[in-house]
Amino acid sequence: MRKNLSLLILFIICKFSAFSQETFHENGVKDKRPDYYLFKNATVHVDGKTTINEGWVLIKGDKIEKVGKNFDYPKTTQVMDMSGKHIYPGFVDIYSDYGMPEIKRKPGGGYYNMEFKSGKEGAFAWNQAIKPEVKADEIFKVDDKSAAELRKIGFGATVTHQKDGIARGNSALVSLNNTTENEVLLKSNVSSHFSFDKGSSIQSYPVSLMGSVALLRQAYYDAKWYTNGGIGSERNLSLEALAQNMALPAVFHGKSFLDAQRADKIGKEFGIKYILKSGGDDYKRISEIKELNTHIIAPISFPKALDVEDPLDAEIVSLTDLKNWEMAPSNLAVLAKNNISFSISPSDLVDKSQFFGNIQKAIKLRLDKNTALDALTSSPAKALKIDNLVGSIKNGMIANLLISNEEIFDPKAKILENWIQGNKFVINDLSLSSVKGTYSTDLSGFSKLEITGENEKPSIELFENDSTKVKATTTRDRNFLTINYKKGNAGLVRLSGYITDKKINGDGKDADGKSFVWNATLNEDSKTEDKKADSTKKSSEEKLGEIIYPFTAFGNKEKPSKEDFIIKNATIWTNEADGNIQGDVIIKNGKIDAIGKNLASAGLKVIDGTNKHLTNGIIDEHSHIALFSINEVESVSSEVRQEDVVNSEDINIYRQLAGGVTTSQLLHGSADCIGGQSAIIKLKWGESADKLIIPNSPKFIKFALGENVKRGNSPQVPNRYPSTRMGVEQVFTDAFTRAIAYKKEWATYNGAKVKTGLTAPRTDLELVALVEILDGKRNITCHSYVQSEINMLMKLADSLGFKINTFTHILEGYKVADKMKARNINGSTFSDWWAYKMEVKEAIPYNAAIMTKVGVNTAINSDDAEMARRLNQEAAKTMLYGGLSEAEAWKTVTLNPAKMLHLDERLGSIKKGKDADLVLWTDNPLSVYAKPEKTIIDGTIYFDLDKEAAKIEDLEIEKNRIIQKLLAEKSKGTPTVKPTARPRRDNIHCDAILEYDGVSVEQLDQFLENLNK
Amino acid sequence: MKKISILIYLIVSTFLGFAQNPTVGKSSGETIIYTGAHIFVGNGVEYNNGSLVIEKGKILAIGDGDLSSKYPNAKKVSFAGKQIYPGIISPANSLGLTEIQAVRTTSDFNEIGEINSNVRALIAYNTDSEVIPTVRSNGILLTQATPEGGLIPGRSSVMYLDGWNWEDAVLKADDGVWLNWPSKVTNSFNRTTFERESKKNENYNKTVDELHTFFNQALALSQDDKKYDNLKLTALNGVLNGVDRLYIQAGSDKEIIDAIAFCKEHAIKFPVIVGEVSSDLAISALKENNVPIIIPSTHRLPSRGDSEVWEAYKLPAKLFAKGLLVGMQYNDSYWRTRNLPFVAGNAVGHGLTKAQALSMITLNNAKILGIDNFVGSLEVGKQASYIVSEGDILDMRTSKVTNAFIRGAEVNLDDKQKRLAEKYNDKYGIK
C-alpha cells in the first residue's frame, strides 16, 4: 500500500516536473534517453542519522525511485558499481542569492540633500526598503558559473532570494542543475526574508538601525490595518504581499548575536518566530541565543588569520578580534552542544574552495560529523519545510546525490560526482586509475621510479640506486603520461607512457634524439604511504580561550554577582538632610540596608572605607554610549527607540564605571525636532543588552531645537523642513495636532459599542509616542540652546497641553530660569561649554549655578563618552563658576538627574531601601585627584580598582597566547592578512552622528555622500 | 576685586556696550613686593610664606619669608593665604585665531595648500577675541598661536593673553615651523560592511621623500647670501640654522621614530614632537636624541578599546619616569583651553607629583618653546607673569584665580561670561 502511495506521489510529481519540458517545441526528432540509474553497493547516508551499508539507490529522471538493498529494477537501468564509495544527499543552502540579479545602488539622499520618495515606481510601499512583493521565482536566472562553484563543494539545491532591503520578499527553491529555469525551479514562495539593512533604497529614511526596526514594525502594523479594511483607502501591493507572506517561514538576516536578539523582539510583537541567519558569533552569548528557541542559519566563513609578526603593528589588534579568530570556528560545535537547531550556509564564504577545510576545522573543535551532515541536508530542509523535496535520500525526493570516495568530512575525501536532478556532474574523475606507488623499470640508467602527489597531477622521481635520484617533470592526460628529465650534463630525455593496470608502457627519445621503448611495473608492496597521513591527523585537541562577558577587553570571565557587604568608616555623602557623615553602610540584596556608626558587620563582607568617600553612583542624564544608532533623519522620528539598539559590548560602559557612572540615559541625537525614545540603563558591564535597561524605567523622548534641527551648519541650503526656527515651531504644532486627532480617532473606535463595519485606525508608531506625551506617560528631554526658542516650546506646550520634563544643554537656561521654575522644568547642562557654534556664543559656565539658585532642579551631563568618565570634575566646576556648595555641586550629577529621570525613589541618595548604586572614592569626589576605587550597582561590584592591574595583566597574557598561536599558524604557511586599525566603534557607525565623540553633522554628511557615491 | 569688576562692568556697559573686552593692563612703574603667599616657583621649589619683588615688569627677587625689610622703597602688597604660580603656558592652540568654531568666517588657522611654511599665525592673532579673557581667567597667560592643516601648516608665535594688538601681545614671534608628519594609515569606507576602515597609506614613503627633498632644497637655498624669492623654502631658514623650533605632529610611534630620524638626518637643532607615544622604542628614540614632547590633554579616550582605561591619565607619569622633557597642550577646542591646569592636575591621581604636573604646563612648556629665559618659572630676571589663586589651581574644586600679572601689569580678569552672569544675577536678585 505504502509503495503504491509513494508511486502515486512519484507519478504526480514526475508528471508535474516533466510538464515544463513538455510544453516546449522541439526542432528535430524526439530524443528521450533511458533515465533509470542504479547506484549499487555504496555506503548510503540517508541523512545524518541513518546509514545503509552496501546500499542501493535507484533514480528515475530527476527523482529518487527507490532506496534499499537488493531490489528488482527495470531492465533499461544503467547500473553503476559504487563499492567502497559513499552517497550523500546533495547539500542544501537555504540562505543563498544564487541566480538573483545583481543589486546596483543608485545615488541617493544625503544628510543635507535628503531623498524623501521611493525610487520604485508602482503601487508599492512608501519606503523602498519595504519590498515584500519581490518574488525570487520571477527574477531567477540560471547562472552556471556560480552553480558550478557550489556543485564543487557538494551543494545540489539552494533556497535563493534577493538580499536587498528590510522586507526582502520571497525565496524560491532551485536546483543547481545547468538546464533551464523551467526545470531548475523546484518550489516558489519557500520563505520570506528580512534584514535591518535598507540596501539599495535611495531614500534617506531610515538612516539608522533603530529606524530599520521602526520601519519594519510599522510595515507589519500597516499590513494588519490593510487587510482589516485599510484596502478601502489605498491599494498597496507591498502590504498585500507582506500580509500574505505571514504564512511562510520568515528568515531574518543578522550580523551578530545582538541582531538576533533584536529580530526576535520584533518577532514577538507580531507573533512571528524568525529563523535567524547568524553572524557566526552565537558562541559569544550562547545562552541568550538558546533562549530564542529558533533555527539558526550559521555561516561557515571564519575570520582570516592575522599577521602579527611586527609587534608594533600587532598592537592595534584587539582582544575581540584575536579571540574571535580563535573561537569563531567553534561556533557550530557550540550551537550543537547547546542542542540548538541549526544549518550551515556557505553564502558568506567568498572563496568557496575553503568550505570543506572550514567544516573540518569545526569538526576538530568537536562538531559531530553527523550533526554537520544534518546541518547541510535535512536540518535546512526541515527549517524551511522543503524536506519533502531535498535534504535526504528517500523515495520520491529530488535525485540530488553526492558521491565521494571517503566519508565526506574526511580530510582525504573527494567528491567524485554530484548528481543534480538525475543529471551527473563529474567533480573529480572517478575513472582515473591510481598511478601512485614505486615501480621497477627498465629505463636505461635507472632501477626504479616513484610516483607521488595527486592522482591527476603526479610527480615522478627516477632512482639510479637507493640514494641517487633525478626529478622529472610530469603531466598526465587521462591515461597518458608525459615525462621529461635530465641526467647529469646530458640533454633532455623525453618519455611518453600509457597507464594500464599496474603497468606503464612507453616510448622515449633520449638526449641525442634516439628512440627507445620502456616500461615500468608497480611493486605490490609499495602502496603504504597514504596510511601514514592518518597518524599525523591525531594532533592534540585544540585548546580555546574562555568566553568573556562582554566579548571585549576588560570583559568578565564570570558575570559579577550580588553580594551583601558593609563599607566601614567612610565619609558618606548621603545627599539627604544629614549631609556628609562619617560611618558605615550595609548593603543587602542589592539595596542599601543601613547607614550609621559602628554597624554590626557579622556575616558580611567588609570593605574598609577609612580615609575614603562613599557616594551615590553618578547618573548621566545625557549620554550616547552603548548605542548602535544615535539619530534618525525625519523631522519627527518619535517612532524610533534607543532601546532597540543598545550595545552591551561597548567598552565605554567599562570606562565610565571606572569614572563612577552607574546610570545613563541613552538619548536620541539632536538631528530632529522630535527624536526617538530614550533607553535608561545601568552600566552592568557583562550583562546582555536587555538586562542593562532598567526594568519599567520611566519613558522618555528626545526633542531638539536650533541649529541642528534646522541644519544650520549645512554648507548648502538643506532641503529638509524646517530650515528656520520659525519652521521648528510649526513642526511641533503640526505633530501634536495630528497626535490629538489620532488620539480622538482611537477613542471613538474604542468607544463604539458595535464594531462591525468599522475599520480599526492604523497604528501609527510615530503618533503613539506623541499620545503618550499628551497623556503624561512619556517625558520630554529637549535639546536647547537659545532663549527665544526655549520660550517658544514652553508656550507651545502650555497651549497644546503637554509638559516639558527637561531642557538638556539649556546653555541659555540662565536667561529663562524663572520661566522654567514656574513650569517645574528641569535643566541638564554642560559645565563650561561654549563658542563651538553660533547658538552657544552666550553660553556661560555660571549657568548651572544660576539655574540652581533660581530653584531649577539642575544637572550636569556629559553628552560625550570621554567627559562622562569624569563627571565628578564637571560637577566641581559649578563651585568654581558660580560658587555652589560642595553638597549642591555633588547633587548635580547624582540626586538632581535622578529626580529629572523620575528615578529618585530608587536612586540618587544614600538612604535605606534605595538601590545600592555606590562609588567608593580615593579622595573627595569633587577633586581632580579623586578616582573611584569601587563602583557598585545593585549591590554588585562592577569596577574594582584593586583588580584592575590583574585584569590588565590577564588581558596581555591572553592576547599574547593567541598571538603565539597566530605566529605558529603563519609559520605553517596559513595565509594571513596585515592587521589594520579599526576606527573606534564610537565614531564609525553611519548612524552614530551628532555631538558624539567628535562626530559632527558635517562628518555625517560626508559619510552619507560616500555611502551613496 | 569684586568692586573693581562691578565698576568696570558699569563703565563698560555704559560707554562701550557689552561686546568689548576689558581694557589692557598697565604697569604702574613702581617696585612692588608681594608677601604672605604660598609661592610655587615652577621649578619644584615652593615657599610656604614667600615674597616676590617686581620691578620694571621683571622679577627682582623671590624668596622665603617677608623680604620687605630688604626693599624698603617697594610698595607692599599682601597676598596672605593665597597661592602664587607662574602664568600657565598653552602650546599648540588656535585661541585668538578663531572665534566661533562652526563659523568658517571666524576661522584663521588653516591656509589653502599642503605646504604653507611661510604663513604666520602671528598677524592673525586677534587680541580682541572674547574667548581670550575667559581662558586667562583660570591662569593661562601665554598661548602659542598655531596654524593647522596640510603637511606644513605654517609658523606659530607665542602670545600673551593680554595686549592692545598682536604686536603688543607677542612674546616670541615666529618661534617655529609646524609639520604634520604623514600618517602611515589612511581611512576609507567599506561599502560592504558599512564601516570605515584604516588601510596602509601607500603614499607614506613618497610623502616622506618629498619632505626630504623640500628640506634639502631649503638648505641649498639658504647657502645663498642673496635674498631669494621662494617664500616657502626660506621660511625654513630659522629651523635649519638652529634658531627656530621644528614642531612635528605625529600620530603613531612608528611615525615618531621616522620623524626623529628625519630631524637627525637634516641636523635640526630643536625638534619637538607633538603627540602621544606609548612604545619603549619610540620613548627611547626621544630620549636618546634629546627630543622633547608635548603630549595632549589627559582628557581623552584611550587610544584603543584594549588600552588601559586611564592610559591617557597615566602617560605623563610614564614619560617623566623615563626622563623625557614633557610638556602638555590642550588639544581639544581652543575655548576649552581654560581647563589646561585641570587636565594636568588629573595626572596627579595617576602617578605624577603636583610639582611635576605644574611643571608640564609652566617651565617644561617654556623650555620646549624656547621661552624659558623669560617665563615658565618665578626666578630672578624673568618676566613678572604670574597668577594668584585662592586655592590649588590644578584642582577645579579649589582653583580660584583672583589676580593675574603680565610683565608686571595687572590683568583685568573680567570677561563676557562674568558680565552675563552679573546681568542675570541682578535680574533674579542673586547675590
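The values are calculated or read from the model by the stated rules, or taken from the named source; none is laboratory data. Note that the coordinates shown come from a computational prediction; the quantities given were computed from them, not determined experimentally. Here Cβ is always computed from backbone atoms with ideal geometry, including for glycine, and neighbour counts include all displayed protein chains.
Taking first residues from segment B:233-259 that are outside the structural domain of B:Q144 (by TED's automatic domain parsing) and partners that are assigned to a loop (DSSP other than H, G, I, E, B) and among the polar types (S, T, N, Q), no Cβ contact under 7 Å between residues at least 6 apart in sequence or on separate chains turns up.
I'd like to verify a number: residues in segment A:345-370 that are among the hydroxyl-bearing types (S, T, Y) and under 23 Å from the mean Cα position of the chain (by Cα), how many?
Initial filter on segment A:345-370 (among the hydroxyl-bearing types (S, T, Y)): A:345, A:347, A:353.
Of the ones still in play, those that are also under 23 Å from the mean Cα position of the chain (by Cα) are A:345, A:347.
Of the residues in segment A:345-370, 2 are among the hydroxyl-bearing types (S, T, Y) and under 23 Å from the mean Cα position of the chain (by Cα).
Take the residues in segment A:952-980 that are of a type in the set (V, I, T), under 27 Å from the mean Cα position of the chain (by Cα) and surrounded by fewer than 17 Cβ atoms within 10 Å (Cβ to Cβ), then tell me which one is farthest from the other protein chains (Cβ to nearest Cβ). Step through it out loud before you land on a result.
As a first pass, look at segment A:952-980 and keep what is of a type in the set (V, I, T): A:952, A:957, A:962-963, A:974, A:976-977, A:980.
Right, trim to under 27 Å from the mean Cα position of the chain (by Cα) and you get A:962-963, A:974, A:976-977, A:980.
Imposing the further condition that a residue be surrounded by fewer than 17 Cβ atoms within 10 Å (Cβ to Cβ) reduces the set to A:974, A:976-977.
On the way: A:T974: 21, A:T976: 15, A:V977: 11 Å.
Out of the qualifying residues, it is A:T974.
Among the residues making up segment B:133-152, a single one is buried (at least 23 other Cβ atoms within 10 Å of the Cβ) and out of contact with any helix residue (DSSP H, G or I) (no Cβ under 9 Å at 6 or more places or on another chain): B:L141.
Any residue in segment A:896-912 that is within 12 Å of chain B (Cβ to nearest Cβ) and without any contact (Cβ under 8 Å) to a residue 24 or more places away in the chain?
If we filter segment A:896-912 for residues that are within 12 Å of chain B (Cβ to nearest Cβ), which is where we start, we get none.
No, segment A:896-912 has no match at all.
Applying the set (1) more than 19 Å from the chain's Cα centre (by Cα); (2) facing chain A (nearest Cβ under 9 Å); (3) under 30 Å from A:D923 (Cα atoms); (4) in contact (Cβ under 8 Å) with a residue 24 or more places away in the chain to B:K418 leaves exactly one unmet item: (3).
Can you go through A:K187, A:K145, A:K141, A:K117 and tell me which one is surrounded by fewer than 18 Cβ atoms within 10 Å (Cβ to Cβ), in contact (Cβ under 8 Å) with a residue 40 or more places away in the chain and closer than 30 Å to A:G61 by Cβ?
Numbers: A:K187 fails: surrounded by fewer than 18 Cβ atoms within 10 Å (Cβ to Cβ); A:K145 fails: in contact (Cβ under 8 Å) with a residue 40 or more places away in the chain; A:K117 fails: closer than 30 Å to A:G61 by Cβ.
Unique residue meeting the criteria: A:K141.
Yes/no per residue for (1) within 14 Å of chain A (Cβ to nearest Cβ); (2) small (G, A, S); (3) without any contact (Cβ under 8 Å) to a residue 40 or more places away in the chain; (4) buried (at least 22 other Cβ atoms within 10 Å of the Cβ):
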residue: B:S303; (1), (2), (3), (4): yes, yes, yes, no
residue: B:S307; (1), (2), (3), (4): yes, yes, yes, no
residue: B:K314; (1), (2), (3), (4): yes, no, yes, no
residue: B:A317; (1), (2), (3), (4): yes, yes, yes, no
residue: B:K322; (1), (2), (3), (4): no, no, yes, no
residue: B:L325; (1), (2), (3), (4): no, no, no, no
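So for segment A:218-233 (the condition being crowded, with 23+ Cβ neighbours inside 10 Å and β-branched (V, I, T)), does at least one residue qualify? Checked segment A:218-233: no residue is crowded, with 23+ Cβ neighbours inside 10 Å and β-branched (V, I, T).
The rows are residues; the columns are (1) in contact (Cβ under 8 Å) with a residue 40 or more places away in the chain; (2) in a loop (DSSP other than H, G, I, E, B); (3) closer than 30 Å to A:E874 by Cα.
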site: A:E729; (1), (2), (3): yes, no, no
site: A:K744; (1), (2), (3): no, no, no
site: A:T748; (1), (2), (3): no, no, no
site: A:K753; (1), (2), (3): no, yes, no
site: A:T763; (1), (2), (3): yes, yes, no
site: A:G776; (1), (2), (3): no, yes, no
site: A:N779; (1), (2), (3): yes, no, yes
site: A:L811; (1), (2), (3): no, yes, yes
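Filtering segment B:377-397 to residues that are touching a Lys or Arg at 6+ places or on another chain (Cβ under 7 Å), away from chain A (no Cβ under 14 Å) and either of a type in the set (G, A, S) or free of Cβ contacts under 8 Å to residues at least 12 places away in the same chain (or both) leaves B:G381, B:A384, B:S385.
Residue by residue through segment A:9-40, note down the ones that are at positive phi and modelled with pLDDT of 95 or more. Steps first, please.
Going residue by residue through segment A:9-40, those that are at positive phi are A:28.
Passing the criteria: none in range.
Among what's in segment B:335-370 and is more than 15 Å from B:I88 (Cα to Cα) and of a type outside the set (G, A, S), pick the residue that is farthest from the chain's Cα centre (by Cα). Among those that are more than 15 Å from B:I88 (Cα to Cα) and of a type outside the set (G, A, S), it is B:H350. Inside segment A:641-656, residues that are more than 9 Å from every other protein chain (Cβ to nearest Cβ) and not in a loop (DSSP other than H, G, I, E, B) make up a count of 8. Kindly evaluate B:G345 against the criterion of being within 14 Å of another protein chain (Cβ to nearest Cβ), buried (at least 22 other Cβ atoms within 10 Å of the Cβ) and closer than 23 Å to A:A553 by Cα. So B:G345 fails the test.
Being at pLDDT 90 or above, farther than 19 Å from B:L179 by Cα, surrounded by 16 or more Cβ atoms within 10 Å (Cβ to Cβ) and not acidic (D, E) is a property that holds for B:L221.
To keep it simple, each residue is scored yes or no on (1) surrounded by fewer than 18 Cβ atoms within 10 Å (Cβ to Cβ); (2) closer than 25 Å to A:K959 by Cα.
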site	(1), (2)
A:I296	no, no
A:F302	no, yes
A:D310	yes, yes
A:E315	no, yes
A:N324	no, yes
A:P346	no, no
A:S353	yes, no
A:N358	no, yes
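To keep it simple, each residue is scored yes or no on (1) modelled with pLDDT of 95 or more; (2) surrounded by fewer than 17 Cβ atoms within 10 Å (Cβ to Cβ); (3) among the aromatic types (F, W, Y); (4) outside any loop (DSSP other than H, G, I, E, B).
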{"site": "A:I681", "(1), (2), (3), (4)": "yes, no, no, yes"}
{"site": "A:F703", "(1), (2), (3), (4)": "yes, no, yes, yes"}
{"site": "A:E707", "(1), (2), (3), (4)": "no, no, no, no"}
{"site": "A:T733", "(1), (2), (3), (4)": "yes, yes, no, yes"}
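Kindly evaluate B:T353 against the criterion of being among the hydroxyl-bearing types (S, T, Y), within 14 Å of chain A (Cβ to nearest Cβ) and in contact with a helix residue (DSSP H, G or I) (Cβ under 7 Å, 6 or more places away or on another chain). No; evaluated as a whole, the condition is false for this residue.
Report whether or not A:E121 is in a loop (DSSP other than H, G, I, E, B) and more than 22 Å from A:L216 (Cβ to Cβ). Please lay out each step first, then the result.
Values: in a loop (DSSP other than H, G, I, E, B): yes; more than 22 Å from A:L216 (Cβ to Cβ): yes.
Answer is yes for this residue.
Reported count of residues in segment A:779-794, each being surrounded by fewer than 20 Cβ atoms within 10 Å (Cβ to Cβ) and out of contact with any helix residue (DSSP H, G or I) (no Cβ under 9 Å at 6 or more places or on another chain), is 0. Counting only strands (runs of 3 or more DSSP E) wholly contained in segment A:538-634, the ones carrying 1 or more residues that are among the hydroxyl-bearing types (S, T, Y) and closer than 30 Å to A:E315 by Cα occupy A:618-623.
For A:Q964, the criteria (1) out of contact with any helix residue (DSSP H, G or I) (no Cβ under 9 Å at 6 or more places or on another chain); (2) in contact (Cβ under 8 Å) with a residue 24 or more places away in the chain hold in every case but one, which is (2).
Counting just the residues of segment B:256-272 that are of a type outside the set (G, A, S) and part of a helix (DSSP H, G or I), which one comes out farthest from the chain's Cα centre (by Cα)? Before you say what the answer is, go through the steps one by one.
Pass one, segment B:256-272, residues of a type outside the set (G, A, S): B:256-258, B:260, B:262-266, B:268-272.
Checking the rest, the ones that are also part of a helix (DSSP H, G or I) come to B:256-258, B:260, B:262-265.
Working: B:I256: 21, B:I257: 24, B:D258: 25, B:I260: 22, B:F262: 25, B:C263: 23, B:K264: 26, B:E265: 28 Å.
The qualifying residue farthest from the chain's Cα centre (by Cα) is B:E265.
Within segment A:834-854, the set of residues being more than 7 Å from chain B (Cβ to nearest Cβ) and part of a loop (DSSP other than H, G, I, E, B) comprises just one member, A:A843.
Here's the yes/no breakdown for (1) surrounded by 24 or more Cβ atoms within 10 Å (Cβ to Cβ); (2) over 22 Å from B:A409 (Cβ atoms); (3) at pLDDT 95 or above:
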residue: B:L122; (1), (2), (3): no, no, yes
residue: B:T127; (1), (2), (3): no, no, yes
residue: B:V131; (1), (2), (3): yes, no, yes
residue: B:W178; (1), (2), (3): yes, yes, yes
